[in-house]
Amino acid sequence: MSRLLHFSLLPLVLILASCIDGDEEIWLERDGSGRLEATYKMPPQIMQSFGSAPVLQKKLEDAIAKEPGLQIQHISNHMENGRVVFEFNATFDDVRTLAAFPKKHLRSPDTPDQAGSEEALFGTMNLTLSGLTMSFDRTVDLGPVLPDNVRQNPGFLGESAFRYVVHLPAPATTHNATGTADNGRTLNWKFLLREHANRPMLLTMKAPLPLPWWIWLSGGLLVALVVFLAVLASRRVLISRRSPGHGLDLTG
């Protein structure tokens, strides 16, 4: 009987599992600001794990309203070919604000140490800056939102995948990306979900953050000002030494 039930549920499980896709793309500027574009597609039954698409959208809108460093450019959800399509575009003033956002704003105040359901989608991010070097890692675990039958039979996920792209202002020095472009300034990750039904997806990279042009300009102007003041001071000293009032008095 259990085997019969398993096979009777198989078509439903296949429908639920074989059409989950995620695409995220981040553009990072020299000053640490940037923008994010994300699209997630999944069956309504799986989206319910996040409280439904409208609930997820409202929660993100309310959370971002509390974070002045993030600005929504577009957020929406709609049905397309039986799947929920959730789109989210935003800009950020500081990449550290983006990294801290899920843990800071998507967890319940009553249980701040417990990951919220949305973190299965956005993951947990850690970012550190050492001088002008940025170290970043991100862990995304979809296991909690996948049906038990899918976790036990990952092959049901077929070609479903999550894809991530990060555009950097300078080439990454180390990373675990599956592909690169633009001489290492663009990193691409592709994770087949059947390989990550029971283990998280992990993105890591380390890259320099070049100083923006205006800092170089400001530094150059500051150096020029210091040199100008030094020359001006030395000329004043030289002129004062040559003036009659500063000669030796030999009449005494």
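In the set P144, P112, only one residue is part of a loop (DSSP other than H, G, I, E, B) and at pLDDT below 90; that residue is P112. Within this structure, V95 fails the test of being surrounded by 15 or more Cβ atoms within 10 Å (Cβ to Cβ), of a type in the set (V, I, T), farther than 19 Å from Y164 by Cβ and assigned by TED's automatic domain parsing to the domain that holds T204.
Answer with yes or no whether F122 is modelled with pLDDT of 95 or more and aromatic (F, W, Y). So F122 fails the test. Of all residues in region 38-68, those satisfying the criterion of being in a strand (DSSP E or B), under 21 Å from the mean Cα position of the chain (by Cα) and surrounded by 18 or more Cβ atoms within 10 Å (Cβ to Cβ) are A38, Y40, K41. Within region 116-123, identify whether any single residue is farther than 21 Å from G22 by Cα and not in a loop (DSSP other than H, G, I, E, B), and answer yes or no. No, that holds for no residue.
The values are calculated or read from the model by the stated rules, or taken from the named source; none is laboratory data. A quick note: this is a predicted structure, and the numbers were derived from the prediction, not measured. Cβ: placed from backbone, ideal geometry, glycine included. Neighbour counts: every protein chain shown.
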